[in-house]
Amino acid sequence: MNRVYLKTFGCRTNIYDSQIMAQNLKDFILVESEEEADIVVVNSCTVTNSADSSARSYISGLQKKGKRVIFAGCGAMSKGESLFQEEKVFGVFGHSEKRNINTLLKRENPFFEPGDLKSLDETIVEDFSSRAKAFIKIQEGCDFNCSYCIIPSVRGRARSQDETKILEQVAKLAGNGYGEFVLTGTNIGSYGKDTGSSIARLLQRMSMIRGVRRIRLGSLEPVQIDDAFMELLDEPWLEKHLHIALQHTSEEMLVKMRRRNALRRDLELFEKIAAKGFALGTDYIVGHPGESEAIWEEALANFRRFPVTHLHAFTYSRREGTHAATLKASVNGKVAKARLKILEEIVAENNLRFRKVHNRVLDVLVEERKGAFQIGYDQYYNRVHISSPLDLEKEWVQIDSAEVREEGNFATLAQ
């Protein structure tokens, strides 16, 4: 029986997609490293040029080791055909074909099966054996048309998973002992727009399932946070951390980036949620075409006003087929990296200040052991390093007070 290794690049949605593949592998042995494998399935990310380069470099290394390489994920739609034609990979399959992985991997001849961009996953994942928390994919695709983003063209238009199927999956996972659930998808704030539901309604129904202790969300758009969602902010099961994608803090740049959010409304939203004790993360792109020095200085001054404690930021990456790729007002790469570093330093200071204030009764789910510490995340999505003789992996622990350092929170549990 052939041995298969699933290599996952990219976001939480890809982590979930890999789990779907794993659950549909019936006639293969799933192994934990490429060294053990006969076949390596590369679940790729294509959000940036760097992501594409990482996958290509990894594939080159596998070829030298004589592995059979199968290319899947978002890159299958953007780079799969060229890799296949160059004979860099044995096979390619798109998102809609994940459930057919068992049949595809049995093929004796090279194959290219990109599939379509309209399907929804039918597999109900019942176990995440290597993880303390469970990921729930609630939707696929995106209807936004942001200037820089290739994802709608590789994931398709927004479509929501059936609410009953989601709740069935949550109930099964809760019954298997999972207490934290991470909702993921391409654009989760759009959930229910096509089915008569909403993200707020789904959260409320999930919270009523026995065993659900904490619900964490992937990235939301500012315009998707409505009154019904705001009413949930006081619920104890909602993680006290939200990731809300700003992408920029210049009104002029938001227009250039074809964003739907607006600066003044964004700031009011962040301040209102922060006042309820929430940590707030955001996405941000620096160096997008048109980001002049004057625009950057204005954006930076505005950014300092936002109570951002977590940052997922990039320098702009040109993607063929996007509107931004046609714009000529480019920004020097070194300048973009310097701007990025400034934002990172601001958020690091914000985060340290936040952790010093919110340093009591930290509810931590321990996820892994690294060296002398067992590590987990608290309700604010801050990492906590725990020193203890006890085996705490996948356990919930309460930290009455942590030692706050720049590199993280630290605590000792004797018993």
Quick count over segment 350-399, residues being of a type in the set (A, V, I, L, M, F, W, C) and in a strand (DSSP E or B), is 12
All but one of (1) modelled with pLDDT under 95; (2) assigned to a helix (DSSP H, G or I) hold for Met206; which doesn't? (1)
On the basis of being β-branched (Val, Ile, Thr) and within 25 Å of Gln19 (Cα to Cα), does Ile166 make the cut? yes
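Yes/no matrix, rows are residues, columns are (1) more than 27 Å from the chain's Cα centre (by Cα); (2) of a type in the set (Gly, Ala, Ser); (3) over 30 Å from Thr46 (Cβ atoms):
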site	(1), (2), (3)
Glu345	no, no, no
Arg355	no, no, yes
Asp363	no, no, yes
Glu367	no, no, no
Arg383	no, no, no
Ser388	yes, yes, yes
Given the conditions (1) over 21 Å from Val69 (Cα atoms); (2) basic (Lys, Arg); (3) assigned by TED's automatic domain parsing to the domain that holds Glu87, and given that Arg107 satisfies all but one, which numbered condition is not satisfied? (1)
Sort out which residues of segment 246-300 are of a type in the set (A, V, I, L, M) and within 22 Å of Lys334 (Cβ to Cβ), and write them in order of number. Met253, Met257, Ile285, Val286, Ala294, Ile295, Ala299, Leu300
Please find, among Ser190, Ser147, the residue that is modelled with pLDDT of 95 or more and out of contact with any helix residue (DSSP H, G or I) (no Cβ under 6 Å at 6 or more places or on another chain). Ser190
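Considering each of Glu271, Glu297, Glu231, Glu291 in turn, give the residue that is surrounded by 14 or more Cβ atoms within 10 Å (Cβ to Cβ) and more than 23 Å from the chain's Cα centre (by Cα).
Glu291
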Looking at Lys26, Lys7 in this structure, which one is closer than 24 Å to Ile136 by Cβ and touching a residue at least 60 places away in the same chain (Cβ under 8 Å)? Lys26
Looking at Asn2, Asn49, can you tell me which residue is farther than 28 Å from Ile124 by Cβ and touching a residue at least 24 places away in the same chain (Cβ under 8 Å)? Asn49
Within segment 186-208, of all residues that are buried (at least 17 other Cβ atoms within 10 Å of the Cβ) and β-branched (Val, Ile, Thr), the one farthest from Ile273 (Cα to Cα) is Thr186
With respect to Phe135, determine if the residue is over 17 Å from the mean Cα position of the chain (by Cα), crowded, with 16+ Cβ neighbours inside 10 Å, of a type in the set (A, V, I, L, M, F, W, C) and modelled with pLDDT of 90 or more. no
Within segment 322-360, residues modelled with pLDDT under 95, of a type in the set (A, V, I, L, M, F, W, C) and exposed (fewer than 13 other Cβ atoms within 10 Å of the Cβ) come out as Ala329
Total residues in segment 400-412, condition surrounded by 16 or more Cβ atoms within 10 Å (Cβ to Cβ) and either in contact with a helix residue (DSSP H, G or I) (Cβ under 8 Å, 6 or more places away or on another chain) or in a loop (DSSP other than H, G, I, E, B) (or both): 3
Taking segment 150-180 as the region of interest, how many residues are out of contact with any helix residue (DSSP H, G or I) (no Cβ under 6 Å at 6 or more places or on another chain) and not in a helix (DSSP H, G or I)? 12
Only residues in segment 91-102 that are under 14 Å from Glu140 (Cα atoms) count as the first member; pair them with residues that are surrounded by fewer than 23 Cβ atoms within 10 Å (Cβ to Cβ) and polar (S, T, N, Q), Cβ under 6 angstrom, at least 6 apart or cross-chain, and list the lot. Ser96/Ser119
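The values are calculated or read from the model by the stated rules, or taken from the named source; none is laboratory data. As the structure is a computational prediction, the values presented were derived from the model and not from experiment. For neighbour counting, all protein chains shown are included, and Cβ atoms are generated from backbone atoms with ideal geometry for every residue, glycine included.
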